[in-house]
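Taking it in order: structure first as structure tokens, then the write-up.
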Amino acid sequence: MTTTIRPQPGILEIALYQGGASHIEGQADPLKLSSNENPLGCSPKAVEAVTAAALKMHRYPSTDHDTLRQAIAAVHALPKDQIVCGVGSDEILTLLAMAFAGPGDEVLYPEHGFSMYRIFALSAGATPVVAPEATRKVSVDALIDRISPATRLIYMANPANPTGTALDLAEVARLADAVPETCLLVLDGAYAEFFDGYDGGASLVASRPNVVMTRTFSKLYGLGGLRVGWAYAAQDVIDVLNRIRGPFNLSELALAGAEAAVRDRAFVETCLTLNAEQRARLTGGLRQLGIACDDSHANFVLARFTDENEALAADKHLKAAGILVRLVKGYGFPEALRITVGEGEDVTRVLDAFASFKGST
Ligand SMILES: *Cc1c(COP(=O)(O)O)cnc(C)c1O
């Protein structure tokens, strides 16, 4: 049976998002380092809060997310009314495109940017535009160069995924200064906490009406399965997002878990310290084995091989050792593997597997 119903233009151009792999054939419990999850899991206080909230599942959740926004505002010293919460930062990123871009408009992002940016642009019927990167680092000049009168939205993750490289705040400010008032600059801060001294661009939001900062509970807080993210932006932008988001987009479980997580600063410190230590070990260990990688400011490292064949062989070798990492051909790096920073013993396992790979080739 055929149907004459057609979706909006652009939607059939979307290829399904490929998440990080989570299974290896014949391996019961693989070491999953493919989705930048927190190796320590989440705060025990978040588990407690979610468990308690489960007893109230017959009630509709809060529509204004007031207590979660209050906690976020207190921890980050931001005005509560300029914060909106979403089902992961993904929801906010996609609502921004829906609200501010449409057919005939352009949505700009860097060449190796998060693969969802293209999907957000096409979902809104807008035209995706890609700015080249030089050496695995976002180029502010290239982005500025691609801004046209039709550009409505610029997405940029800082630190970037999958490179792990980051621009300092002055560089991001230089981009913000060049963005016309008719365009929103969306600073995707999924990994902002891992970049020492960086505020995710919050200070740029405070001083500009057209800069948006998004953050997530999925990475540092280890709550990817709970689906909570948030954004900080000018009041006008927040008001628009509140009009189009679902009134009950976040469950009470999600709200309670995220609030407990953001308030548990001791757990956050433990995670950040572990990540910094093990990221340095992983980076140093890879380089010692002759595997190139840039300094990462996130919770993963991009390991580069001579070519796609070697990267695929290395991936196969890791899989045989029960380790899952991320192939990033879809991000323009067929020769690389993205490896989430794990606990000490995880990093040891990864380095041992690469050592035996290097020894066997
Ligand atoms: C993981 C990630 C996100 C968002 O994840 P959510 O789970 O939807 O909050 C956003 N941007 C980048 C670059 C990411 O890597």
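Okay, here's what the table says:
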item: GNM top mover of Ala28, Ala192, Ala131 - the chain, alpha-carbon springs below 10 Å; result: Ala28
item: Unit charges at the beta carbon, dipole of region 44-263: most positive-side option, Ala234, Val87, Ala73; result: Val87
item: Förster radius 25 Å - calculated FRET efficiency between Glu181 and Arg243, Cβ distance, rounded to 0.05; result: 0.75
item: P(r) of the chain over all Cα-Cα pairs, binned every 20 Å from zero, in whole percent; result: 29, 58, 13
item: HN-Hα J in Hz across region 37-42 - Karplus 6.51, -1.76, 1.60, θ = phi - 60°, x for Gly and Pro; result: 7, 7, x, 8, x, 10
item: Share of Cα-Cα pairs in region 27-135 lying beyond 15 Å, as whole percent; result: 78
item: Residue among Glu308, Glu252, Glu345 with the largest mean-square fluctuation in a Gaussian network model of the chain, springs linking Cα atoms under 10 Å; result: Glu345
item: For Ala131, distant residues with modelled amide H under 5 Å away; result: Tyr109, Glu111
item: Helix-only CD estimate at 222 nm, as mean residue ellipticity for the chain, using -39500 (n - 2.57) per DSSP H run (n ≥ 4); result: -12000 deg cm²/dmol
item: Near-label residues of region 177-219 by backbone N, under 11 Å of a point 7 Å along Cα→Cβ of Asp66; result: none
item: Sum of side-chain charges, Arg152 neighbourhood, beta-carbon under 9 Å (Lys, Arg +1; Asp, Glu -1); result: -2
item: Alpha-carbon centroids, region 321-360 and region 101-153: separation in whole Å; result: 29
item: Karplus 3J(HN,Hα) series, Hz, for region 183-188 with 6.51 cos²θ - 1.76 cosθ + 1.60 (x for Gly, Pro); result: 9, 9, 9, 9, 8, 7
item: Gap separating the Cα centres of region 216-256 and region 42-63, nearest whole Å; result: 15
item: FRET E, pair Glu48, Ile144, Förster distance 45 Å, beta-carbon r, rounded to 0.05; result: 0.40
item: Phi to ³J(HN,Hα) by Karplus 6.51 cos²θ - 1.76 cosθ + 1.60 over region 260-274, Hz, x for Gly, Pro; result: 4, 5, 5, 7, 7, 6, 5, 5, 4, 4, 4, 5, 5, 5, 4
item: At most 14 other Cβ within 10 Å, DSSP loop - chymotrypsin sites (Phe, Trp or Tyr not before Pro), region 16-123; result: Tyr17
item: Of Lys56/Lys80; Lys32/Lys137; Lys32/Lys358; Lys137/Lys329, pairs whose Cα-Cα distance is over 19 Å; result: Lys56/Lys80; Lys32/Lys137; Lys32/Lys358
item: The chain: most fluctuating residue of Met98, Met213, Met156 per GNM, C-alpha cutoff 10 Å; result: Met98
item: Fully extended contour minus Cα-Cα distance, from Glu343 to Lys358, at 0.36 nm per residue; result: 3.1 nm
item: Cβ-Cβ FRET estimate between Leu312 and Glu111, R0 fixed at 35 Å, reported to 0.05; result: 0.95
item: Relative contact order (%) - the chain, alpha-carbon pairs under 8 angstrom, separation at least six; result: 24
item: Within region 218-361: Cβ-based charge dipole about Cα centre, in debye rounded to nearest 20 (Lys, Arg +1; Asp, Glu -1); result: 200
item: Asp294 long-range amide H proximity, modeled H, under 5 Å; result: Leu302
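Where a number appears in this text, it was derived from the coordinates with a stated rule and is not lab data. From a predicted model like this one, the values you see are computed outputs, not experimental measurements. No Cβ is skipped: glycine too gets one built from the backbone with ideal geometry, and neighbour counts run over all protein chains shown.
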